[in-house]
Amino acid sequence: MRTVIISGGSAVPPKLRDLVQRGSTSLVEYRAADLADDAASRLDADRVVFWSTAGDTRVRALADRYSKKEAAERREIVVFVTPEDAAAPLSPPLPPNEAFVWPRDEDRLKMAFLTGA
């Protein structure tokens, strides 16, 4: 499972990063500020993890764009993770199996990444 992590202004928590890495065959990380507006939609990945804290409007915009693309293609590869204080829905909303709050949903993320769900 090729995985890409896209983060905004704050680093991905080490425990979350480790969980994603253990559930992936390869992992590449990008900062949202380093990607062109359409770059996220061209990433070659089986799963794209967006880490967004409060105020990460760039990450949210990329995630919104990518989730609309995946919906149009009938694919489920987006995973959107926020800390408790930054949880806010995307538009259109992601299905429950793609939206997580860290660390509250750590067990759900383990199931998703370590079992290939």
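Of all helices (runs of 4 or more DSSP H) completely enclosed by the stretch 8-117, which ones contain at least 2 residues that are small (Gly, Ala, Ser), modelled with pLDDT of 90 or more and under 13 Å from the mean Cα position of the chain (by Cα)? Walk me through it before giving the result.
Values: elements: 14-22, 57-72, 106-114.
Helices (runs of 4 or more DSSP H) meeting the threshold: none at all.
For (1) of a type in the set (Gly, Ala, Ser); (2) touching a residue at least 40 places away in the same chain (Cβ under 8 Å); (3) more than 19 Å from LYS110 (Cβ to Cβ), each residue gets a yes or a no:
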residue: THR3; (1), (2), (3): no, yes, no
residue: VAL12; (1), (2), (3): no, no, no
residue: ARG65; (1), (2), (3): no, no, yes
residue: PHE80; (1), (2), (3): no, no, no
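The values are calculated or read from the model by the stated rules, or taken from the named source; none is laboratory data. Since we're looking at a predicted model, the values are computed, not measured. Virtual Cβ from ideal backbone geometry, glycine too; neighbours counted across all protein chains shown.
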